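Derivation of every value follows stated rules applied to the coordinates shown; laboratory data play no part. Quantities reported herein were computed from a predicted structural model and do not represent experimental measurements. In this analysis, Cβ positions are derived from the backbone assuming ideal geometry, glycine residues included, and neighbour counts consider all displayed protein chains.
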Amino acid sequence: MRFNVLCRRCLLIAVAITSVVFSRESSARQYVLARGGRAEAVIVVGKDADRFHRWVAGELQRYLRQLSGGEFPVVGSDEAPADALRIALGGPDANPLAAAAQRRHLADFTALKPDGFILKAVEPAGRPTILVGGNDEAGTMYAAYDLLERLGIVFQLTNDVIPQRRPDLALTSLDARVEPVLKYRGMHCCHGLRWHMGLDDFRKHIDQMAKLKLNCLQFYAGMGSPWVEFSYGGKKAEIIYSKESGYLAWTFGLSTSGTAKDVRVGRECFRREYIGPPEFAAVRTPEQAFATAREFLREIIRYAHRRKVQVWLMQGEVPYVPPNLAPAGAKSLHDQYCGVGIPPDDPAVLGIWESALRSAIETYPEADAHGVWTSEPPLGVDDPKTRELLRQNEAARRQIPSLAEIRRGGYVQPSRPEHLASDLAQVCVAAKLIESVKKSHPRAKLGVVVLFRSYLFRALDSVLPKDVWLMSMENWNNSGPVMHFYGGIAGRDLLVMPRIDDDGCELHVQLNATMYDRDEIISGSAKYGLAGVVGQLNKERGLECNVRYIAEGAWNPQIQCRPFYESYLRRLYGAEALEPLLRAYLTLEENDRACGRRSIFPGYSSFSPAELRKANYKEPKPRVDVRQLEGDIAGLSDSRKFWNGRAAQCREALELLRQARPKVLPGARAELDYVIFKTESFISYFEVLDACDEARAAFDRALLAKSKQDNTAVLKHLEACQAAMDRADRLSADAARQMVAYCSVPTEKYLLFRYNQNVIGSIERNRKFLAEVVAFHKE
């Protein structure tokens, strides 16, 4: 069957609930924590426990109460009762019970990696004790959350699930030494895409990261955003983001007002006109935006540090600059979400970026690292100064593989020699920028990020100091694994950024473990000695599995698709529901893989699905490229087959999900209902796309007929276009009404807004245009 073939490279045995570097089982001894809803254990902290350890103890206490119904006292080590099971929280330096176990050789905390921890049941002097701790605060926190998961709680990126209450709570023999394989484990947030998130949303996000043992939050501030205020040449950099959004939302690909006036269906879900974070609701000027953003981001950093999460501030993309700072007469390369691109040799590039990076370091001294992103599109390199820059860096050029080597290595881009010249120009500019900023801030932890270009790492390694970290975002449409490009670079922190979702992957529960396996994201990270993995995350709800896979993989590089789902689904939904759910999830995995093969994840940030060809329909015989039109019509026919195939596959999964529902554990039914809703919603959107493509093809046929001056055929095709567009309008409204039921979820409420803006709005605009065309031809 399909789901068996899909993960044929997966292991035949299930991985453990958490990734255990060393684990062994002793004799089958039961340790009872609760019986009949009454606690039979106490949580023991050190006599002089600090605020952090007492907070972790409170977390244990809170979740054990939710799980069992029992009240578990928290006591100091000098107050622990003799007749109760003791849950000793903290390592030897924090808890005398752990220190005593270490002295008696009952546990060994020595040489634990940072963030590592011990979970072990011991019986010093016949007194049963569960050791829960590490040698640092993060390790102890992770140990507590790991214990809770072993007892039955499932922590996810967006929520905690207790599949079933357990008034009788016990452990059978516990002995685990758990250590991370990767030092940095985290998520990347581009706030320009997730601009609806307020501080409460970030605090919850950070809390859940800690429960998943993630310790790095990268916060992206594009050039021209309110997060970094700076000047160059006597002028303050302007904010290029949408004013109505509080100066937070990308205008590139969004065209957002930032207000609920964009909502046609589901307006009742938006009580306020402004839909951004409440902290920015009163922002009316750039000055207010800068001031509010500073305090907002400083609070994120403060809160993250309390949860042992580092915050890395990212700026991009070099050589893009705010339009008002671009030199007069400078040749613009591209308009992008981070300003306008100017030639990399222009002195203004270095001056503007030095000012921006220095401002970020000085404004946010508490940030743990700072990174600069290089350009995603290739740059123009045809001017004499740029060519001279490249000539001066011939040694670095020799470190860049040839086009043939890059293509054989798994990348589908670059495609032309001038693209490699552009890559070299980016290497040169990044090196100059880092060198300059390090003179004034030698202790700053700086890094350079490339997009889909890890083949540049050797060149960057040849021109940058070894304390500068490097990271590459990796796409899922490569022809094969590219992790080998990370190999052979010693003495430098390297990180990989897989896509958890893309800028447009918004509508469904996205499942990409198969592609992570194929691309060797986790296994390659371990093989080539990477320092970390940080996933690109542009929404939250609906990405729980992808995030969980990356989070577990950072501790267990042997993780693979099928065993992961077997473990995850069994724990979340129960063993009785496993068989149909496993088939459903692997079917959805295959669906996403098919979308990835076409480099299309059907979202709605980067295109308007109903966009009709804008031709001068009033001309008696419009000038059209017949061959192109015929090719486009054939392409739309293929697209319709693709959308219908994806919808059919989702229906297969949906039927399996519904079959499983009566069998799932009671506390997990709401989670399964959400997955069912997202699958239904995705099917609805595929149907919208099919109707839109039918309308577009019919409109193109009308243009072809008009070019042949066949007016009867023109009207026939326009009427077919109108019928298809009316169908798209009905289907899109129905899909939006489906989304209303979940608008209490912040991600879903924002998606409803975006759906109205990009899909329903697109269909309305094009229906209006189409009505004008039809009326003209009926006159």
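Each of R103 and R35 was given a label point 7 Å from its Cα along the Cα-to-Cβ line. The distance between the two points is 3.2 nm.
Between A741 and E71, the simple spin-label model (points 7 angstrom out along Cα→Cβ) gives 4.0 nm.
In this rough spin-label picture, where each label sits 7 Å from Cα along the Cβ direction, the D726-H777 distance is 1.6 nm.
How much length is gained on full extension from R398 to D638, taking 0.36 nm per residue of separation minus their Cα-Cα distance?
82.1 nm
Distance between the C-alpha centres of the stretch 714-752 and the stretch 209-274: 26 Å, rounded to the whole angstrom. Estimated at 0.36 nm per residue, the fully extended path between A291 and E268 surpasses their Cα-Cα distance by 5.1 nm. For the pair E655 and D467, the difference between a 0.36 nm per residue extended length and the Cα-Cα distance amounts to 62.4 nm.
Could you list the residues of the stretch 366-385 with an amide nitrogen less than 15 Å from a label point located 7 Å from the Cα of H305 in the Cα-to-C-beta direction? Inside the label zone: 366-370. Each Cα pair of the stretch 153-226 feeds into the Kirkwood radius, which the Stokes-Einstein equation turns, at 4 °C and 1.567 mPa s, into a diffusion coefficient of 84 µm²/s.
Per the Debye formula on identical point scatterers at the alpha carbon atoms of the chain, with no solvent, log10 I(q)/I(0) at q = 0.06, 0.07, 0.10 Å⁻¹ is -0.41, -0.56, -1.13.
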